Amino acid sequence: MKRIGVFVCWCGSNIAEVIKLDEVLEAIRKYPGVVFAEYYKYFCSEPGQQIIKDAIKEHQLDAVVVSACSPAMHQATFRKAAAAAGLNQYQVEIANIREQCSWVHRMHKEEATQKAIDIISATIEKVKQNEQLAPLTSPLVKRALIIGAGIAGMQAALDIANSGYEVLLLEREPSIGGHMAQLSETFPTLDCSQCILTPRMVEVAQNPRIKLITYSELESVSGSIGNFTVTIRRKPAYVDWQKCTACGACIEKCPVKVPSEFNFGLENRKAIYVLSPQAVPNKPVIDAEHCMYLTKQKCGVCAKICEAKAIDYEQKEKIIEEKVGAIIVATGYDLFPGEELDLYGYGRCKNVVTGLEFERINSASGPYQGQIKRPSDGKVPKEIVFIQCVGSRDPEGGKPYCSRVCCMYTAKHATLYKKKNPDGQVYVFYMDIRSAGKGYEEFVQKGIEEDRTLYLRGRVSKVFEDDGSVVVWGVDTLSGKKIEIKADMVVLASAMIPRHDAKKIAKLLNIGSDEHGFFKETHPKLKPVESSTAGIFFAGCGQSPKDIPDTVAQAGCAAAKVNSLFSMNKVLSDPIIACVNEELCQGCQLCISACTYNAREFDARRNIAKVIEALCQGCGACVAVCPNKAAEVKNMTTGQILHMLDQLQ
């Protein structure tokens, strides 16, 4: 029989305040196979781990049960401590007596104490039958794929490339830069967005270790950490970028004009176009939907005048396959569609715009060359209303969460408007001002005190047009008065939401999403950039709303995780995975269809299912569907579970 040590953690008062630990120790010390049992305030601390190490050596322990918090918190910590003392780390089990006991039974201490004894006893039965396992090893491709080339993707790419590793930077648009390329200035310093971003875009394009794959989308992903195979579909640009000199003659002569997506339809672009004036790469693409030659076999003027012979109407989409060892998802965000909130007048009133549209209106490279004008008639607005929390903090009509940046970019917009129109008047309808960042509160207060921005605490009830003005009905809850403002323009601080294709990306990568569609991290505190699939990390607003400094910081964190992985020569993974009893397997293949990780394959010659160890996550879905009980998970076998249940009877 194994010699087992049991270590019961107080977890400060989290456990000790509810569970009577003296009674627990008294019962566990009498349990068959237990040769040592002790408690301590914090076994996760360095002194606590040392107690475990000393006990393993002194009492020649063959297995250890740590009765503490969830294994998601500190199982790795205790396994490392045991391994340092010479014990196989997979002979360590966690009995969760915090989340599953003390936290849920605070008012029933006697029952909680008995339940803790039962949990620990069942865990002892499990560890008695644990196998001696060793971490699995697999090859490591030291190249990263980053999906999305906004500021998050670019920062992560540079951090990884500057550490000596290759990066594939994938972007669905013709140019990199993301939403930050659409901004005029950034808060709270009012730095020109392009002055910050453009040098970074050029640095990315010129880095020899970064391969830009623009105008392309992810098609499929297979493999596992250290050895992913990704398939990428490059859309046809109908321009040979290798030949193109970016002279711009084709754009100048093109007769077709369509609304510019980059400028949100506030001005037109040509059917052949460059995404923005600061585009990187600065190469044109042809819009196949609106090109007269591609739709009607007419025109062709761009090909006629192109001296470099770069126009290629026969260009087809291209499928690219690459091997990478890690993936960072930096797909960014969309804005809550204003047309879904009819009361704000978006879509009905020409002079009601979103915050990003106002950025383009205010930008020197925008449709009005930096002059703030009304979209309807080009006049300068004298009174302007900003409405915050449009779609945010609105469980009934929008999203329940705070988008984090709206208060600050509204304050920025108000400041920029007053800078260009000192005689104008700004009104801001708000719920609460959330300015939690370095220099943020001071920035907001400066606008109130120096620019006389009038903040009105309350919701807006209706926005409508009247005789060329935009009428805003609302309430000031601080004074208790109804408010009516005849404004020249209204700007909506719309909620950040996940990109429209976020669910598709999550499915391709086999990663989780929360109820709102944002990518879900493994643990919000301990693993905030790691997904449920090993080797895939998050950066930026695809994971949750955040401002530029937080986005850059998270991108650096994700890059550090990738660099840490690439510092090894091979991938080490958990051996607690599924296995197949070949004598019992009848080749029904139910386990193959049940596996969400594609970790099963069928051996037709032997008529049995096999486990692809590098892909298996040990979830146990195959065990549940196997009619012959041929599937098991190592160290979590059916026999172990039955022994645990027998102990509870």
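If I ask for residues that are assigned to a loop (DSSP other than H, G, I, E, B) and surrounded by fewer than 24 Cβ atoms within 10 Å (Cβ to Cβ), which ones from segment 146-170 would you list?
Filtering segment 146-170 down to residues assigned to a loop (DSSP other than H, G, I, E, B) leaves 148-150, 162-165.
Listed by number, the residues that qualify are 162, 163, 164, 165.
Determine whether residue 111 is acidic (Asp, Glu) and in contact with a His (Cβ under 8 Å, 6 or more places away or on another chain). Even if it seems obvious, please write down each step before you answer.
On the way: acidic (Asp, Glu): yes; in contact with a His (Cβ under 8 Å, 6 or more places away or on another chain): yes.
Considered against the rule, which asks whether it is acidic (Asp, Glu) and in contact with a His (Cβ under 8 Å, 6 or more places away or on another chain), residue 111 comes out as yes.
Scan segment 376-393 for residues that are in contact with a helix residue (DSSP H, G or I) (Cβ under 9 Å, 6 or more places away or on another chain) and surrounded by fewer than 19 Cβ atoms within 10 Å (Cβ to Cβ) and jot them down.
First pass over segment 376-393, keeping only residues in contact with a helix residue (DSSP H, G or I) (Cβ under 9 Å, 6 or more places away or on another chain): 380-381, 384, 386-392.
Correct list: 380 only.
Being open to solvent by 10 Å² or more (accessible area, probe 1.4 Å), over 30 Å from residue 361 (Cβ atoms) and either hydrophobic (A, V, I, L, M, F, W, C) or not assigned by TED's automatic domain parsing to the domain that holds residue 231 (or both): is that true of residue 512 here? Show your work before the answer.
Values: open to solvent by 10 Å² or more (accessible area, probe 1.4 Å): yes; over 30 Å from residue 361 (Cβ atoms): yes; either hydrophobic (A, V, I, L, M, F, W, C) or not assigned by TED's automatic domain parsing to the domain that holds residue 231 (or both): no.
No; evaluated as a whole, the condition is false for this residue.
Just checking, which of 111, 93, 185 is modelled with pLDDT of 95 or more, touching a Leu at 6+ places or on another chain (Cβ under 8 Å) and of a type in the set (Asp, Glu)? Talk me through it step by step, then tell me what you get.
Numbers: 111 fails: touching a Leu at 6+ places or on another chain (Cβ under 8 Å); 93 fails: touching a Leu at 6+ places or on another chain (Cβ under 8 Å).
Among 111, 93, 185, only 185 is modelled with pLDDT of 95 or more, touching a Leu at 6+ places or on another chain (Cβ under 8 Å) and of a type in the set (Asp, Glu).
Tell me which residues, restricted to segment 591-628, are more than 23 Å from residue 533 (Cβ to Cβ) and crowded, with 17+ Cβ neighbours inside 10 Å.
608, 626
What is the number of the single condition among (1) within 25 Å of residue 496 (Cα to Cα); (2) assigned to a loop (DSSP other than H, G, I, E, B) that residue 414 does not meet?
(2) is the only condition that residue 414 fails.
Table: residues versus (1) over 29 Å from the mean Cα position of the chain (by Cα); (2) of a type in the set (Phe, Trp, Tyr); (3) farther than 23 Å from residue 184 by Cα; (4) in the same structural domain as residue 532 (by TED's automatic domain parsing).
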residue	(1), (2), (3), (4)
219	no, no, yes, yes
271	yes, no, yes, no
282	no, no, no, no
296	yes, no, yes, no
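Would you call residue 396 open to solvent by 70 Å² or more (accessible area, probe 1.4 Å) and assigned to a loop (DSSP other than H, G, I, E, B)? Quick ask: steps written out before the conclusion?
On the way: open to solvent by 70 Å² or more (accessible area, probe 1.4 Å): yes; assigned to a loop (DSSP other than H, G, I, E, B): yes.
Yes: the conditions hold for residue 396.
In the list 303, 288, 308, which residue meets the criterion of being in a helix (DSSP H, G or I) and surrounded by fewer than 21 Cβ atoms within 10 Å (Cβ to Cβ)?
Numbers: 288 fails: in a helix (DSSP H, G or I); 308 fails: in a helix (DSSP H, G or I).
Result: 303 is the single residue among 303, 288, 308 that is in a helix (DSSP H, G or I) and surrounded by fewer than 21 Cβ atoms within 10 Å (Cβ to Cβ).
Working only within segment 259-274, note down all residues that are farther than 15 Å from residue 247 by Cα and either open to solvent by 50 Å² or more (accessible area, probe 1.4 Å) or assigned to a loop (DSSP other than H, G, I, E, B) (or both).
259, 260, 261, 262, 263, 264, 265, 266, 267, 268, 271 - these are the residues of segment 259-274 that are farther than 15 Å from residue 247 by Cα and either open to solvent by 50 Å² or more (accessible area, probe 1.4 Å) or assigned to a loop (DSSP other than H, G, I, E, B) (or both).
Please go through segment 332-353 and give me each residue that is part of a strand (DSSP E or B) and open to solvent by less than 10 Å² (accessible area, probe 1.4 Å), ordered by number.
First pass over segment 332-353, keeping only residues part of a strand (DSSP E or B): 333-335, 346, 349, 352-353.
Across segment 332-353, the qualifying residues are 349, 352, 353.
Is one or more of the residues making up segment 235-242 crowded, with 17+ Cβ neighbours inside 10 Å and within 30 Å of residue 338 (Cα to Cα)?
Yes.
What strands (runs of 3 or more DSSP E) completely inside segment 521-590 contain at least 2 residues that are at pLDDT below 95 and farther than 17 Å from residue 159 by Cβ? Explain how you work it out, then say what you get.
Values: elements: 536-538, 571-573, 578-580.
Hits in segment 521-590: 571-573.
Among the residues of segment 51-88, count how many are farther than 21 Å from residue 13 by Cα and without any contact (Cβ under 8 Å) to a residue 60 or more places away in the chain.
The first filter runs over segment 51-88 and keeps only residues farther than 21 Å from residue 13 by Cα, leaving 53-64, 76, 79-88.
Those left that are additionally without any contact (Cβ under 8 Å) to a residue 60 or more places away in the chain: 53-61, 76, 79-88.
Number of matching residues: 20.
Checking residue 503 against (1) closer than 29 Å to residue 387 by Cα; (2) out of contact with any Pro (no Cβ under 7 Å at 6 or more places or on another chain), which single condition isn't satisfied?
(1) is the only condition that residue 503 fails.
How about segment 479-496: which of its residues are in contact (Cβ under 8 Å) with a residue 12 or more places away in the chain, out of contact with any His (no Cβ under 7 Å at 6 or more places or on another chain) and either buried (at least 24 other Cβ atoms within 10 Å of the Cβ) or assigned to a strand (DSSP E or B) (or both)? Talk me through it step by step, then tell me what you get.
Here is the first cut: in segment 479-496, the residues in contact (Cβ under 8 Å) with a residue 12 or more places away in the chain are 483-496.
Narrowing further to those that are out of contact with any His (no Cβ under 7 Å at 6 or more places or on another chain): 483-490, 492-496.
Within segment 479-496, 483, 484, 485, 486, 487, 489, 490, 492, 493, 494, 495, 496 qualify.
Being modelled with pLDDT of 95 or more, surrounded by fewer than 21 Cβ atoms within 10 Å (Cβ to Cβ) and not charged (D, E, K, R) is the filter here; which residues of segment 497-507 pass it?
Residues satisfying the conditions do not exist here.
Taking segment 204-257, which residues are closer than 23 Å to residue 284 by Cβ and assigned to a strand (DSSP E or B)? Steps first, answer last, please.
So the first thing to find is which residues in segment 204-257 are closer than 23 Å to residue 284 by Cβ, and the list is 204-206, 210-217, 232-257.
Once the filter is applied, which keeps residues that are closer than 23 Å to residue 284 by Cβ and assigned to a strand (DSSP E or B), segment 204-257 yields 210, 211, 212, 213, 216, 217, 232, 233, 234, 239, 257.
Among what's in segment 561-586 and is under 22 Å from residue 617 (Cβ atoms) and of a type in the set (S, T, N, Q), pick the residue that is least open to solvent (accessible area, probe 1.4 Å). Steps first, please.
Within segment 561-586, the subset under 22 Å from residue 617 (Cβ atoms) is 561-562, 564-566, 568, 570-582, 585.
Within this subset, residues satisfying the condition of being of a type in the set (S, T, N, Q) are 564, 573, 581.
Details: 564: 69, 573: 34, 581: 69 Å².
Per the criteria, the residue is 573.
Could you list, in sequence order, all residues of segment 356-365 that are surrounded by fewer than 22 Cβ atoms within 10 Å (Cβ to Cβ) and out of contact with any Gly (no Cβ under 9 Å at 6 or more places or on another chain)?
Within segment 356-365, 356, 365 qualify.
Touching a Pro at 6+ places or on another chain (Cβ under 7 Å) and closer than 30 Å to residue 67 by Cα: does that describe residue 122?
Working: touching a Pro at 6+ places or on another chain (Cβ under 7 Å): no; closer than 30 Å to residue 67 by Cα: yes.
Against the criterion (touching a Pro at 6+ places or on another chain (Cβ under 7 Å) and closer than 30 Å to residue 67 by Cα), residue 122 does not qualify.
Given the structure, is residue 131 open to solvent by 30 Å² or more (accessible area, probe 1.4 Å), of a type outside the set (S, T, N, Q), under 30 Å from residue 616 (Cβ atoms) and outside any strand (DSSP E or B)? Show your work before the answer.
On the way: open to solvent by 30 Å² or more (accessible area, probe 1.4 Å): yes; of a type outside the set (S, T, N, Q): yes; under 30 Å from residue 616 (Cβ atoms): yes; outside any strand (DSSP E or B): yes.
Yes; evaluated as a whole, the condition is true for this residue.
The values are calculated or read from the model by the stated rules, or taken from the named source; none is laboratory data. Quantities reported herein were computed from a predicted structural model and do not represent experimental measurements. Cβ: placed from backbone, ideal geometry, glycine included. Neighbour counts: every protein chain shown. Keep in mind that these areas ignore ligands, DNA and RNA; they rest on the heavy atoms of the full protein, side chains included. Shrake-Rupley method; radii C 1.70, N 1.55, O 1.52, S 1.80 Å.
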